[in-house]
């Protein structure tokens, strides 16, 4: 549902004149949709602050009016959290130009010492590092702050730089773009980044397994047709074996 909300309510409509593209943003709300960003208390948030993306009622014609034979579930799931609004279950924000940014699902928002942080926004920063191939950010329980962001990064093949340097650069990027609340300092952060070699080993193992399967398929294809069918466990040879006493 969220993907359809995202595609329907925000887009760069060519028929209305293309707007400048901001990578990562779906551009502005489509005419007919009144897109707002609300805090958990139902109050509208200022530009640049991440919150709950909602659509102010009434919805445009043709939008989902209810659920089949289950009006109550529709009300409970989409209309009850913020009266007067349709809840998309997405988290995001609008910028000073009115562009809409969808960062994650609402259950991917972590609460760090009372501050709401989007794991999607943090992952976007980590992924922008030239040495990072893949990354993920999750919330880890913390006795003092409730949750802290825990980042995991897989380095690109061939990167031989010391991990400590890369970790320091990632922390600096997060501090610059998200703020100090998004940074996890100390051993926990360094341990998270130390998972990179595991990711590289896994990638090498996947490549090796793929190569072995490809060699096996090539060997199978070179077998006589009847032998291949017998080797794969089906065909007439299987029936012959099945009839043996």
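I'd like to check something: does segment 66-86 contain any residue that is surrounded by 15 or more Cβ atoms within 10 Å (Cβ to Cβ), under 19 Å from residue 43 (Cα atoms) and touching a helix residue (DSSP H, G or I) at 6+ places or on another chain (Cβ under 8 Å)? Yes, segment 66-86 contains a residue that is surrounded by 15 or more Cβ atoms within 10 Å (Cβ to Cβ), under 19 Å from residue 43 (Cα atoms) and touching a helix residue (DSSP H, G or I) at 6+ places or on another chain (Cβ under 8 Å). In segment 89-154, counting only strands (runs of 3 or more DSSP E) that sit wholly within it, none holds 3 or more residues that are assigned by TED's automatic domain parsing to the domain that holds residue 10 and surrounded by fewer than 21 Cβ atoms within 10 Å (Cβ to Cβ).
For residue 30, state whether it is free of Cβ contacts under 8 Å to residues at least 40 places away in the same chain, surrounded by 16 or more Cβ atoms within 10 Å (Cβ to Cβ) and outside the structural domain of residue 148 (by TED's automatic domain parsing).
On the way: free of Cβ contacts under 8 Å to residues at least 40 places away in the same chain: yes; surrounded by 16 or more Cβ atoms within 10 Å (Cβ to Cβ): yes; outside the structural domain of residue 148 (by TED's automatic domain parsing): yes.
Answer is yes for this residue.
For segment 5-56, a tally of residues being farther than 11 Å from residue 94 by Cα and part of a loop (DSSP other than H, G, I, E, B) returns 20.
The values are calculated or read from the model by the stated rules, or taken from the named source; none is laboratory data. Quick caveat: nothing in here was measured; it's all calculated off a predicted structure. Backbone-built Cβ (ideal geometry, glycine too); neighbour counts: all protein chains shown.
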